[in-house]
Amino acid sequence: MYIGLISDTHGIFDEEFKKFFEPVDQIWHAGDFGGSIELAQKIATFKPLIGVHGNCDGQDIRYDYPSHQFFECGGMTVLMTHIGGYPGRYDLRARALIESYRPQIFVCGHSHILKVQFDEHYRMMTINPGAAGLQGWQTIRTALRFKIEDGKISDMEVFELPRA
């Protein structure tokens with residue numbers, strides 16, 4: 001499965017991101033869609049979408065997208081939530097979810113910092129795609145795409161778009 005991963009769009013899904021995600025099979029959104037449910041619907045119309053709500057999302061988004069998702073993809077288990085943290089510095093709620101589900105991949109957003117790191121303690125890959133929107137302090141807007149097949153992640157690519 002070819003995955004596109006995005007977070008913290010805060011109401012924006014530019015054509016440049018759409019072009020980057022053109023070859024993917026599915027998009028994962030790690031929260032803070034922003035604006036209203038229309039952005040989530042726009043992405044879901046473009047590609048199948050799995051998402052979670054973020055701390056800035058309204059009730060309409062929270063109704064359709066839960067606080068966390070646990071699912072299987074390409075032979076790997078995936079846990080996604082918005083506020084997560086990093087190996088050794090997980091948010092308390094995220095750590096409780098990790099302890100409960102024991103995923104092979106942990107996906108989060110919120111920090112606006114792109115980071116991919118293997119957690120030796122939990123034996124899982126931690127992935128944060130950074131922020132694709134204009135809200136926040138980041139100077140580069142980012143997203144990821146990668147493949148998950150036969151229980152392995154491969155071909156990870158970073159998309160960067162300068163913040164205008």
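The values are calculated or read from the model by the stated rules, or taken from the named source; none is laboratory data. This one's a predicted model, so the numbers in the text were calculated from it and none came from an experiment. Here Cβ is always computed from backbone atoms with ideal geometry, including for glycine, and neighbour counts include all displayed protein chains. Just so you know, the surface numbers come from the protein's heavy atoms only, side chains and all, with ligands and any DNA or RNA stripped out. Shrake-Rupley method; radii C 1.70, N 1.55, O 1.52, S 1.80 Å.
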Computed on Cα atoms only, the convex hull of region 33-164 has an orientation-averaged projected area in nm² of 8.2 nm²
Expressed in angstrom and rounded, the centroid-to-centroid distance over alpha carbons for region 83-118 and region 6-62 is 19 Å
Measuring from its Cα centre, region 19-105 shows a charge dipole (+1 at each Lys and Arg Cβ, -1 at each Asp and Glu Cβ) which, in debye to the nearest 20, is 240 debye
Mean accessible area per residue over region 1-102 (1.4 angstrom probe, all protein chains present, square angstrom) is 46 Å²
Under the Karplus relation with 6.51, -1.76 and 1.60 and θ = phi - 60°, whole-Hz ³J(HN,Hα) for region 124-132, x at Gly and Pro, equal 9, 8, 9, 10, 10, x, x, 10, 9
Quick tally, 1.4 Å probe accessible area for S7, S100, sorted with the most first, runs S100, S7
Once all protein chains are kept in place, M156 shows an accessible area at probe 1.4 Å, nearest 10 Å², of 70 Å²
Restricting to lysines and to Cα separations under 17 Å from K47, and discarding same-chain partners fewer than 8 apart, the set is K18, K19, K147
Quick calc, region 18-164, dipole around Cα centre from Cβ unit charges on Lys, Arg (+) and Asp, Glu (-), nearest 20 debye, gives 260 debye
The correct ranking of E149, E120 by accessible area at 1.4 Å, largest first, is E120, E149
For K42, counting only aspartates and glutamates whose alpha-carbon sits under 19 Å away and dropping same-chain residues fewer than eight positions off, the answer is D8, D14, E15, E16, E22, D25, D32, D57, D60, D64
Summed over the other residues with a beta carbon less than 13 angstrom from that of T45, with K and R at +1 and D and E at -1, the charge totals +2
On the accessible surface of the chain, probed at 1.4 Å with all protein chains in place, carbon and sulfur together account for a percent value of 51 percent
If amide H atoms are modeled at 1.01 Å from N in the peptide plane, then the residues at a separation of 5 or more from M124, or on another chain, having amide H under 5 Å from its own are D119
